[in-house]
Amino acid sequence: MSPIETRLAELGLSLPVPVAPVANYVPYRISGTLLVLSGQICIGPDGALAPRHKGKLGGAVSPEDGAEAAKFCAINLLAQARAALGGDLTRLKSCLRLGGFIAATPDFTALPQVMNGASDLMVAAMGDAGRHARTTIGVPVLPLDCAVEVDGLFEIAG
Amino acid sequence: MSPIETRLAELGLSLPVPVAPVANYVPYRISGTLLVLSGQICIGPDGALAPRHKGKLGGAVSPEDGAEAAKFCAINLLAQARAALGGDLTRLKSCLRLGGFIAATPDFTALPQVMNGASDLMVAAMGDAGRHARTTIGVPVLPLDCAVEVDGLFEIAG
Amino acid sequence: MSPIETRLAELGLSLPVPVAPVANYVPYRISGTLLVLSGQICIGPDGALAPRHKGKLGGAVSPEDGAEAAKFCAINLLAQARAALGGDLTRLKSCLRLGGFIAATPDFTALPQVMNGASDLMVAAMGDAGRHARTTIGVPVLPLDCAVEVDGLFEIAG
């Protein structure tokens with residue numbers, strides 16, 4: 001088990017088997033030492049999108065549920081990263097960037113607090129190597145009406 | 001003619017002469033083996049933005065027209081890539097990532113189906129090398145009121 | 001003083017001390033010759049978010065104030081770049097890409113004109129090296145209700 005998975009296990013978390021995209025795209029591409037990950041939505045560890053993670057911040061989704069949704073997105077990014085690296089997360093060197101997309105009503109401005117759910121998970125899992133550049137924006141709607149989507153750019157061992 | 005252009009021709013498609021941006025930015029930048037392309041809107045092969053590609057998904061724009069708009073964005077990305085590579089698309093190695101921005105009402109969740117118009121075109125043109133990581137989000141409005149904008153990150157021969 | 005700071009000084013501008021993020025993310029990450037910068041909001045040189053830079057284009061924020069907000073974002077990107085490079089902006093080689101996020105009502109389509117405030121500043125500061133690929137989209141809401149957020153990807157000396 002990699003240090004990342006050990007840290008997650010200490011938090012009572014494990015990485016799910018990632019779901020394959022159902023369209024003509026792939027969950028990741030590698031170019032040199034860059035790992036480019038597709039946007040991950042807030043599907044839970046049980047493989048389902050919980051009703052509390054559907055809808056909009058400022059609407060039906062509470063800030064706490066939004067932060068949990070962001071955390072699930074981050075877990076899914078790590079699960080995709082593990083698959084991209086043939087199961088070996090010790091090759092994952094650092095998280096360079098997360099892009100956070102929060103489905104929100106036009107008056108909901110506490111977007112960073114929601115996105116912290118993803119950022120906190122990444123640092124909890126990767127330590128300082130998980131500290132990343134970040135862009136967080138509100139959006140009117142996301143695929144499957146999910147509340148949060150996060151994509152990522154990572155550095156991997158050459 | 002590159003294999004990409006041959007495949008497009010078999011589909012009855014050709015790459016337009018790309019339009020230059022009218023502001024202080026450029027359609028592409030190259031860094032090492034990375035080709036960074038500006039967001040392309042759904043201008044058609046005739047150089048015009050069709051009325052059916054203006055407005056929002058969930059509003060005046062049908063899912064079918066949205067998917068065609070996304071396809072036009074992908075064609076425009078390839079046209080910009082060809083210009084970036086001095087006309088020689090054989091230097092285009094793979095599509096690493098597409099970012100899909102769909103102008104949508106807050107209740108329109110079939111965003112991936114719209115974006116498939118771009119992804120399908122990229123795979124039709126490039127084969128497996130065109131299979132990319134992808135992030136798709138809804139947005140309230142895009143430049144010129146266009147329905148779809150797509151940007152791209154590609155790998156090129158060193 | 002680097003040429004960038006000299007050019008800014010000729011425009012009566014200087015780079016502020018960048019504000020540290022208050023969450024588990026960082027303003028920048030470097031990977032090889034890539035500098036990845038977090039989204040910067042339109043905090044002014046006085047460290048405050050002016051009321052005229054809060055709200056939405058198409059609503060309370062005028063296009064002129066929006067363009068100024070975008071300019072402030074670009075200045076903040078350069079300030080973060082300077083910090084990332086240990087104070088030495090001569091190591092900043094080029095601006096590869098800007099991502100522009102404009103808080104806008106669904107009927108406000110003059111997004112490129114607003115984003116030009118950022119692009120023009122980058123070219124004024126960096127010359128041709130500041131000419132970048134760009135993606136501009138509307139968003140319903142941004143952190144702190146700011147009108148504009150811009151993120152950036154730069155190339156640095158190896």
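The table below lists the values:
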read-out	value
For segment B:32-50 and segment A:83-109, distance of Cα centres in Å	26 Å
Inter-chain shielding of A:127-134 (mean C-beta neighbours from other protein chains, 10 Å cut-off)	5
Spacing of the two label points (7 Å from each Cα toward its C-beta) at C:MET1 and A:ILE30, in nm	4.8 nm
Cut-off under 5 Å, modelled amide H: who pairs with A:GLY44 long-range	A:LEU49, A:ALA50
Rounded tilt (10° steps) of A:63-84 against the dominant C-alpha axis of chain A	30 degrees
In nm, spacing of pseudo-spin labels at C:ALA9 and B:GLU10 (7 Å Cα→C-beta vector)	6.1 nm
GNM top mover of C:VAL114, C:VAL141, C:VAL22 - chain C, alpha-carbon springs below 10 Å	C:VAL22
Placed amide H near A:ARG97: partners under 5 Å, 5+ positions off or other chain	A:ALA133, A:LEU153
Residues whose placed amide H lies under 5 Å from that of A:ALA103, excluding near-sequence neighbours	A:LEU57, A:VAL139, A:VAL148, A:GLU149
Vicinal HN-Hα couplings computed from phi for segment C:146-157 (Karplus, 6.51 cos²θ - 1.76 cosθ + 1.60; Hz; Gly/Pro x)	6, 7, 9, 9, 9, 10, x, 10, 10, 9, 10, 5
Of A:LYS54/A:LYS93; A:LYS71/B:LYS54; A:LYS54/B:LYS54; B:LYS56/C:LYS56; A:LYS56/B:LYS93, those spanning more than 30 Å from alpha-carbon to alpha-carbon	A:LYS54/A:LYS93; A:LYS71/B:LYS54; A:LYS56/B:LYS93
Contact order relative to length of chain A, as percent, for alpha carbon pairs under 8 angstrom and 6 or more apart	34 percent
Shielding by partners - mean other protein chain Cβ count within 10 Å, residues of B:2-15	0
Summed residue charge, Cβ within 14 Å of A:GLY117's Cβ, Lys/Arg positive, Asp/Glu negative	-2
Net charge of Cβ neighbours under 12 Å - reference A:SER62; Lys, Arg +1; Asp, Glu -1	-1
Derived scalar couplings ³J(HN,Hα) [segment B:124-133; Karplus, 6.51 cos²θ - 1.76 cosθ + 1.60; whole Hz; x for Gly, Pro]	4, 7, 10, x, 4, 5, x, 6, 10, 6
Number of partner chain Cβ atoms within 10 Å, mean per residue of C:100-113	5
Whole-Hz ³J(HN,Hα) from phi, Karplus 6.51 cos²θ - 1.76 cosθ + 1.60, for segment C:85-93, glycine and proline x	9, x, x, 10, 6, 5, 7, 7, 8
Burial order of peptide ranges A:38-45, C:143-150, B:146-153 (average beta-carbon count within 10 Å, highest first)	B:146-153, C:143-150, A:38-45
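Computed from the coordinates by the stated procedures, all read-outs in this text should not be read as laboratory data. Because the structure is a prediction, the values reported are computed rather than measured. Using ideal geometry, Cβ is built from the backbone for each residue, glycine included, and neighbour counts are taken over all protein chains shown.
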